[in-house]
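What follows is a short report on a single structure.
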Amino acid sequence: MLDQADSLLADFLTEHGFTVTLDTQSSFTSLQSELYKYQGVILRSRWTLDATFFESAPNLLFIGRLGVGIEHIDVESARKHKVTIFTTPEASKDTVSEHTLGLLLMMLNKLGKADREVSQNIWDRNANRAIELKGKKVGILGFGNMGRAVAQRLAGFEVDILIRDISHEITVPSYTKQVEEAEFFNETDILTIHIPLNEANKYFIDYAYIKKFKKDIFLINTARGGVVETEGLVKHLKEGKVKGAALDVIEYEEQSFNALDISSLPPPFQYLKMAENVILNPHLAGISYESVPRHAYVMAQKISKLFKLDLHVE
């Protein structure tokens, strides 16, 4: 295990005869010669698992990614070496969707701006009037675990929920509508992004993409920073095409997401940092207190199915 997980996961593995080694500090190169010993590796995103990694672990049966994104894993090499990749999106869909809704309400109601002003002895009601969510058309880009959970929570707000997904064969709830690209661009008032970061989706939401929306929009990203081109977003914020942005993730994050020298980031981010109509979070949406043991439990479930084990954890 290359990252900490709730103790129930190690306990489960140990009870079923696995030898569990926890090492949250060592680099790939320092452990490379030892990888042949392991049938499984569990991590979040501390290492890049490339072709060299898989060649160094000939007995590997599975990778357990505690979380969602697998942009740091060479999926083709895993397939070539017949290694199963497990992820645990089921564990964080609730916290991510709640966080998404929180960002949306905070943005439309100018809660962050109003709070900062009051703390600076400014009492300005008119400049902080809300825009109501009711009656708006919310475009959900990506309808996997996160997108579905967001739609479920939006259902009570009397909004129209428009769905765009790479698959045309998904089933969508009756309170949503799966639409073609033209309707998505013509009707959306609020865009919330829930697509993975991969080679095809790098900068998927760029200046040209945002320009296709007929209306001026609000934008929320709780997916991955790299799917949004920051420079293009900033241009649209300055031009008014994007009326507000709420970003839990940014493209400049390092791979483990745990550290960032904010002061050294380029001018587009420095603009975001100062803009009154932008909300920034340090990649918080998926790490609620409740989600941590859920990630361990879901991973235990998936490993138990691979090895045909009985799962007795609570």
Please work out which residue is surrounded by the fewest Cβ atoms within 10 Å (Cβ to Cβ), limiting yourself to the stretch 166-180 and to residues that are of a type outside the set (Val, Ile, Thr) and in contact with a strand residue (DSSP E or B) (Cβ under 7 Å, 6 or more places away or on another chain).
Tyr175
Any residue in the stretch 206-222 that's more than 21 Å from Leu280 (Cβ to Cβ): show its pairings with residues that are in a helix (DSSP H, G or I) at Cβ separation under 6 Å, as long as the two are six or more apart or on different chains.
Lys212/Phe185; Phe213/Phe185; Lys214/Asn186
Residue by residue through the stretch 88-126, note down the ones that are in contact with a helix residue (DSSP H, G or I) (Cβ under 8 Å, 6 or more places away or on another chain), hydrophobic (A, V, I, L, M, F, W, C) and closer than 22 Å to Ala245 by Cβ.
Val96, Leu101, Leu105, Met106, Leu111, Ala114
Filter result (buried (at least 17 other Cβ atoms within 10 Å of the Cβ) and among the acidic types (Asp, Glu)) within the stretch 254-283
none
Restricting to the stretch 246-276, name every residue that is free of Cβ contacts under 8 Å to residues at least 60 places away in the same chain and either closer than 20 Å to Ala127 by Cβ or assigned by TED's automatic domain parsing to the domain that holds Gln25 (or both).
Met274, Ala275
Within the stretch 39-51, the count of residues that are over 19 Å from Ser256 (Cβ atoms) and surrounded by fewer than 17 Cβ atoms within 10 Å (Cβ to Cβ) comes to 2
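Could you pull out every one of the helices (runs of 4 or more DSSP H) wholly within the stretch 60-166 that has 2 or more residues that are more than 27 Å from Ala10 (Cα to Cα), in contact (Cβ under 8 Å) with a residue 40 or more places away in the chain and assigned by TED's automatic domain parsing to the domain that holds Asp216? Break it down into steps so the answer makes sense when it comes.
Working: elements: 75-80, 89-108, 111-119, 145-154.
In the stretch 60-166, the matching helices (runs of 4 or more DSSP H) lie at 89-108, 111-119, 145-154.
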Can you list the helices (runs of 4 or more DSSP H) found entirely within the stretch 1-59 that contain at least 2 residues being acidic (Asp, Glu) and closer than 19 Å to Asp310 by Cβ?
7-15
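Could you look through the stretch 181-197, keep only residues that are part of a loop (DSSP other than H, G, I, E, B) and not hydrophobic (A, V, I, L, M, F, W, C), and pick out the one that is surrounded by the most Cβ atoms within 10 Å (Cβ to Cβ)?
Looking only at the stretch 181-197, we keep the residues that are part of a loop (DSSP other than H, G, I, E, B), and these are 188-189, 194-197.
Narrowing further to those that are not hydrophobic (A, V, I, L, M, F, W, C): 188-189, 194, 196.
On the way: Thr188: 26, Asp189: 20, His194: 28, Pro196: 21.
Residue satisfying both the conditions and the ranking: His194.
The values are calculated or read from the model by the stated rules, or taken from the named source; none is laboratory data. As the structure is a computational prediction, the values presented were derived from the model and not from experiment. Ideal geometry is used to build each Cβ from the backbone, glycine not excepted, and the neighbour counts take in all protein chains shown.
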